[in-house]
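Every read-out reported here was derived from the displayed coordinates using simple, explicitly stated rules and does not represent laboratory data. Bear in mind that the values here come from a model prediction, so they are computed numbers and not experimental data. We place every Cβ from the backbone using ideal geometry, glycine too, and count neighbours over all the protein chains shown.
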Amino acid sequence: MIFGLVQILLFQSLGELVSKFLLPTLPGPVIGLVLLVLWLVLRKGINSDLAMVGDGFSQYLGLLFVPAAVGVVLFLPQLKANALAIISALIGSVILTIGSSALVARLLSKKESHE
Amino acid sequence: MSEKHSIVEIWVYLSGSPLFALFITLAAYQIGLSIYKASHQNPLANPVAIAILIVASTIQFIEMPYSTYFEGAQFIHFLLGSATVSLAIPIYRGLSSLKGRSLPLIASLCTGGLVSIISAVGIATMLGADVSITGAMYPKSVTAPIAMGIAERIGVSPTLTAIFAVSTGILGAILAPFVLNALGMKAWWQRGFAIGIGAHGIGTSRAFSIHPEAGTYASLAMGMNGVVSAIAIPVIYHLFNR
């Protein structure tokens with residue numbers, strides 16, 4: 001497990017370095033993610049330590065954004081004042097997004113769906 | 001020496017250390033997980049939403065400033081970056097599913113990503129929302145750890161973005177089956193991929209509970225959407241907000 005964490009932190013640090021010196025518009029962890037995918041493609045496999053840490057993170061991913069989201073207490077008046085706009089935008093957008101991506105995927109793979 | 005006095009002393013001691021913030025965060029999440037399991041994984045009983053509700057009400061009730069809470073909880077928050085890097089693992093596992101279907105999937109990803117931004121920002125603007133609200137809508141279909149990173153880069157509130165992202169995930173997990181059935185979508189991989197684009201992590205775990213193929217494609221869509229959005233959203237945001 002420690003070896004898995006070492007690999008994750010190594011790629012995170014590489015990502016932060018690239019972000020700081022080469023690609024300031026991209027968040028460091030996203031660059032780290034891309035570098036790690038490339039590394040896994042080159043090595044053609046995930047070692048068990050890395051898989052264990054990765055699965056642990058994805059299982060409890062939700063916990064990690066609780067501290068930031070609790071900051072909602074600072075925005076309560078603003079959220080209340082804009083409640084209608086926010087709720088309509090979120091519901092409308094999620095329906096349109098899922099609908100449009102599903103339709104495009106089906107449209108461009110017509111041949112396969114007739115098999 | 002009254003008993004009340006000593007309780008206050010213990011309280012002052014505990015609230016000054018990270019222990020209290022870490023404890024309520026983990027305990028609230030555990031309560032959320034238990035409720036979620038007891039409700040047979042009903043997307044309305046989302047463990048993250050429950051945890052946010054419990055922690056926010058608790059710190060309001062005991063009148064603890066958010067900054068004090070965050071000082072302790074930042075140790076959990078710090079791991080977001082590492083968790084983002086670890087998303088490489090599900091993406092790598094999903095890459096083999098991309099073969100032969102890359103054209104429909106990439107086109108679907110670009111369409112969904114753009115529709116998500118335009119519709120959310122458009123509807124919110126039309127109904128007169130503040131600029132700070134509409135700004136935080138841009139990355140709302142992206143998985144929360146990446147969405148918050150994007151929010152920081154474009155200078156909008158990561159907190160509002162996280163709230164919108166979590167709400168989007170919950171709404172998507174609830175509404176996706178209705179939308180996809182109404183459109184007559186049959187292929188599991190197309191259904192899963194659309195859920196992953198629209199409702200990121202929360203939608204993905206819902207997709208996995210319905211069908212494994214849908215889940216694999218949902219997690220691939222979530223990962224690809226995260227990377228592409230991290231590149232594209234800052235460009236789109238500055239285009240619309242000169």
Rounded if a/c is under 1.5, else prolate if a/b is larger than b/c, else oblate: which is the protein assembly as shown, with a ≥ b ≥ c the root eigenvalues of its Cα gyration tensor? prolate
Given the DSSP H assignment, sum -39500 (n - 2.57) over each helix run of at least 4 residues in chain A and divide by its residue total; what's the result at 222 nm in deg cm²/dmol, nearest 500? -24000 deg cm²/dmol
Rounded to the nearest 500, what is chain B's calculated 222 nm mean residue ellipticity when only DSSP H runs of at least 4 contribute -39500 (n - 2.57) each, over all residues? -27500 deg cm²/dmol
Using only the Cα atoms of chain A, build the gyration tensor, take square roots of its eigenvalues as a ≥ b ≥ c, and label the shape rounded, prolate or oblate: rounded if a/c is under 1.5, else prolate if a/b is larger than b/c, else oblate. oblate
Quick one: net charge around A:GLY4, please, counting Lys, Arg +1 and Asp, Glu -1 for every other residue with C-beta under 10 Å from its C-beta. -2
The relative contact order of chain B, taking Cα pairs under 8 Å that sit 6 or more residues apart, comes to a percentage of 17
One finds the C-alpha centres of the stretch B:60-108 and the stretch B:115-136 to be spaced, in Å, by 23
Taking r as the C-beta separation of B:LEU19 and A:SER88 and R0 as 51 Å, the FRET efficiency to the nearest 0.05 is 0.80
Taking A:PHE75, A:PHE57, B:PHE240, B:PHE193 and counting other beta carbon atoms within 10 angstrom, the fewest-first order is B:PHE240, A:PHE75, A:PHE57, B:PHE193
Rounded, prolate or oblate, given the Cα gyration tensor of the stretch A:1-64, with a/c below 1.5 counting as rounded? oblate
Entries of A:LYS44/B:LYS37; B:LYS99/B:LYS186; B:LYS140/B:LYS186 with Cα pairs more than 31 Å apart: A:LYS44/B:LYS37
Could you check the simple spin-label distance between B:CYS110 and A:ARG43, using points 7 Å along Cα→Cβ, in nm with one decimal? 3.3
Per-residue Cβ neighbour rank within 10 angstrom, fewest leading, A:MET1, B:MET185, B:MET222: A:MET1, B:MET185, B:MET222
Within 10 Å of each Cβ in B:174-180, the average number of Cβ atoms from other chains: 4
Expected output is a single nm value to one decimal: the length gained when fully extending between B:VAL235 and B:GLU63, i.e. 0.36 nm times separation in residues minus the C-alpha distance. What is it? 57.9 nm
Where the centre of each part is set by its Cα atoms, how far does the stretch B:164-228 sit from the stretch A:36-115, in angstrom? 8
Where does each of A:88-99, B:227-238, B:170-181 land if you order them by average Cβ count within 10 Å, highest first? A:88-99, B:170-181, B:227-238
Among B:LYS37, B:LYS140, B:LYS99, the residue with the largest mean-square fluctuation in a Gaussian network model of chain B built from Cα contacts under 10 Å is B:LYS99
So what's the stretch B:88-240 giving for Rg/Rh, alpha carbon basis, Kirkwood Rh from the mean inverse pair distance? 0.96
For a quick check, take a GNM of chain A with Cα springs below 10 Å and name the residue from A:SER101, A:SER48, A:SER19 with the largest mean-square fluctuation. A:SER101
Taking the alpha-carbon set of the stretch B:3-80, what are its Rg and Dmax in Å? 14.3, 45
With point charges of +1 on the Cβ of Lys and Arg and -1 on the Cβ of Asp and Glu, referenced to the Cα centre of the stretch B:1-115, which listed residue (B:CYS110, B:GLY100, B:GLN60) lies farthest in the positive direction of the dipole? B:GLY100
Can you compute the modelled spin-label distance between A:LEU17 and B:ARG242, with each label point 7 Å from Cα toward Cβ, in nm? 3.8
Within 10 Å of each Cβ in peptide B:149-158, how many partner chain Cβ atoms are there on average? Round it to a whole number, please. 3
